[in-house]
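Asks: First the structure, then my questions, so here it is.
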Amino acid sequence: MPSATLPPILIETLRRAQDFLRSRGVSCYLVGGLLRDQHLARPLRSLNVDLAVPSNALPLSRDLAAALGGAYVTLDEALGSARVIVSAEHQRIELDVSDFRGPTLEQDLALRDFTINAMAISLEAWLMNPLAPLTDPLHGLQALSERRLTPCFPRTFEEDPIRILRAFRFSSQLGFSVDHSVIPLIEKARVRLTTVSGERIRDELLAICDTDRAAEALRSLNELLVLDVLFPELIVGRGVEQGGYHHLDVLSHELEAVAQADRMLSDFAEFSQPLREPLAAHCKSELVDRHSRKALIKLGALLHDIGKPARRTVAADGDIWFLGHEQTGAELAAPITQRLRLSNRESEMVCQLVLHHLRPGFLSREPQLTRRAIYRFFKDLGEDGPACLLTWWADRMATRGPKSRLDQVDQQRARLEEMLNAYFFKAEEVVKPPRLVDGRQLMQTFQLKSCPLIGELLALIEEAQAEGKIKTADEALALARSHLGARPIP
């Protein structure tokens, strides 16, 4: 990744940072992800750059932030790590500045997480020639060429347990294999994940889910019993039989649903051509910076049947049922999202996916979808409607037991596309029609005071409009008049 391919504003910011540090007589080194991605010819996902200085990173970073007109954030006071945030040309640039972790640059690199991140070059030299030779004491370039993830030292996971998740995040993002030497190190350190903040776990987990290899990573974490530490509510589904519609136990099915989401959301190829672009844009969109809907859909897929073990019953004929598992699942998912420090909006979305994941399946069995059914679905789900439909489809594709009706798949896919087409292409007709009248008009026309009845009337009008029963303001007022005539006016 030659410097010419990087955003010019990033190069300019790094030049200004180098000028400042040179004026202070400080040697500064570029380390970590940017160098790794440069040698993989991989585009940067975010403008985040790791810089290492021999000492005094915190006061230097404060002064650097002031010099660049940016903001200063302490990342780790004990380790001497801070972030300088610069906003320029509508872009956010983050310079993470850290003290050497040892007396020398080589010793600093030896104490980093993985060898592919343990390479460095002076910032001054890189600015002159981004392909200049690197300081590479642990043979990170060789690991890159072999597509292999190897820890820098045996206690890497014990020193910082989040590196367990980071290993599989890098594996998922880069398509690298995790070195076999890692397994016993993870097994020894996994319980220490209970000491890691929810925010750090959240960011690594969602970064994994944002890739197209999330299921592979989660299955590995399951085999290593890391999921047991992270999600004790989830792993109770391990070994829980589901009956004839399923070929997998509950936990394996949830992981397979993530695998189906990986496949489906990678290119949306199984959907008709007009839907692919809006679906891709919808899933790429972020409710919170760097947390895509795509990642949250996969988290919802992982948790969608979390309520099943508590709701499992066996009928006299041997049939297995999980009645009400979606409500129980949503109740269990809520504290998980809180533990992961998801935003309120993200938490709402994940819990909605769990609560309503069966609903599209019920609609898909109808001989014909009515406009009312479509309207009510999106009325309840709002912007989470497409994500709920995709979660259901991942669930459906993960269900392949002997009783599973594969002959219904074509009809179910047609219903799925009908719902998605309504959301993306017929929103003003069926999903959220523009208001024919507002609350003020209703109050003036019928001499009403502000009260819950106004909302009831507006909802009644909107649904009738979505059904195609009314099209004008006069018809809306006539409907309201008819409704008021059937009930007392407050």
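No value in this document is a laboratory result; all are computed from the given coordinates. All figures in this text were calculated on a predicted structure; none of them were measured in a lab. Every residue, glycine as well, gets a Cβ built from its backbone with ideal geometry; the counts of neighbours run over all protein chains shown.
Asks: Do any helices (runs of 4 or more DSSP H) lying entirely in segment 188-279 carry at least 1 residues that are of a type in the set (A, V, I, L, M) and touching a strand residue (DSSP E or B) at 6+ places or on another chain (Cβ under 9 Å), and which ones are they?
Replies: The qualifying helices (runs of 4 or more DSSP H) are 198-209.
Asks: Further, regarding this structure: Taking residue 428 as the residue in question, decide whether it is out of contact with any Ser or Thr (no Cβ under 8 Å at 6 or more places or on another chain), exposed (fewer than 14 other Cβ atoms within 10 Å of the Cβ) and within 30 Å of residue 270 (Cα to Cα).
Replies: yes
Asks: Right, here's the next one. Could you tell me which numbered condition residue 145 fails, if it satisfies all but one of (1) in contact with a helix residue (DSSP H, G or I) (Cβ under 7 Å, 6 or more places away or on another chain); (2) farther than 23 Å from residue 24 by Cβ; (3) of a type in the set (S, T, N, Q)?
Replies: (1)
Asks: Restricting attention to segment 422-452, and to residues there that are under 30 Å from residue 275 (Cβ atoms) and not in a helix (DSSP H, G or I), which single residue is farthest from the chain's Cα centre (by Cα)?
Replies: Taking segment 422-452 first, the residues under 30 Å from residue 275 (Cβ atoms) are 422-436.
Checking the rest, the ones that are also not in a helix (DSSP H, G or I) come to 426, 432-436.
Working: 426: 27, 432: 26, 433: 30, 434: 31, 435: 34, 436: 37 Å.
That would be 436.
Asks: Based on this model, can you work out whether residue 142 counts as part of a helix (DSSP H, G or I) and either exposed (fewer than 14 other Cβ atoms within 10 Å of the Cβ) or among the β-branched types (Val, Ile, Thr) (or both)?
Replies: Answer is yes for this residue.
Asks: From 419, 397, which residue is surrounded by fewer than 21 Cβ atoms within 10 Å (Cβ to Cβ), under 30 Å from residue 253 (Cα atoms) and either touching a helix residue (DSSP H, G or I) at 6+ places or on another chain (Cβ under 8 Å) or among the aromatic types (Phe, Trp, Tyr) (or both)?
Replies: On the way: 419 fails: surrounded by fewer than 21 Cβ atoms within 10 Å (Cβ to Cβ).
Being surrounded by fewer than 21 Cβ atoms within 10 Å (Cβ to Cβ), under 30 Å from residue 253 (Cα atoms) and either touching a helix residue (DSSP H, G or I) at 6+ places or on another chain (Cβ under 8 Å) or among the aromatic types (Phe, Trp, Tyr) (or both) holds for just one of 419, 397, which is 397.
Asks: Please count how many residues of segment 7-25 are crowded, with 18+ Cβ neighbours inside 10 Å and either aliphatic (A, V, I, L, M) or over 20 Å from residue 98 (Cβ atoms) (or both).
Replies: 4
Asks: Please list, ordered by residue number, the strands (runs of 3 or more DSSP E) wholly in segment 44-121 having 3 or more residues that are surrounded by 15 or more Cβ atoms within 10 Å (Cβ to Cβ) and aliphatic (A, V, I, L, M).
Replies: Hits in segment 44-121: 47-53, 81-88, 91-99.
Asks: Right, next: Select from segment 325-384 the residues that are among the hydroxyl-bearing types (Ser, Thr, Tyr) and loosely packed, with under 15 Cβ neighbours inside 10 Å and list them in ascending order.
Replies: 343, 370
Asks: So which residues in segment 256-270 are closer than 9 Å to residue 215 by Cβ, of a type in the set (A, V, I, L, M, F, W, C) and surrounded by fewer than 23 Cβ atoms within 10 Å (Cβ to Cβ)?
Replies: Within segment 256-270, 259 is the sole residue that qualifies.
Asks: Given 279, 296, 302, which one is of a type outside the set (Gly, Ala, Ser), farther than 30 Å from residue 91 by Cβ and in contact (Cβ under 8 Å) with a residue 60 or more places away in the chain?
Replies: Result of the check over 279, 296, 302: 302.
Asks: Restricting the search to segment 229-245, which residues are over 28 Å from residue 405 (Cβ atoms), crowded, with 17+ Cβ neighbours inside 10 Å and of a type outside the set (A, V, I, L, M, F, W, C)?
Replies: 233
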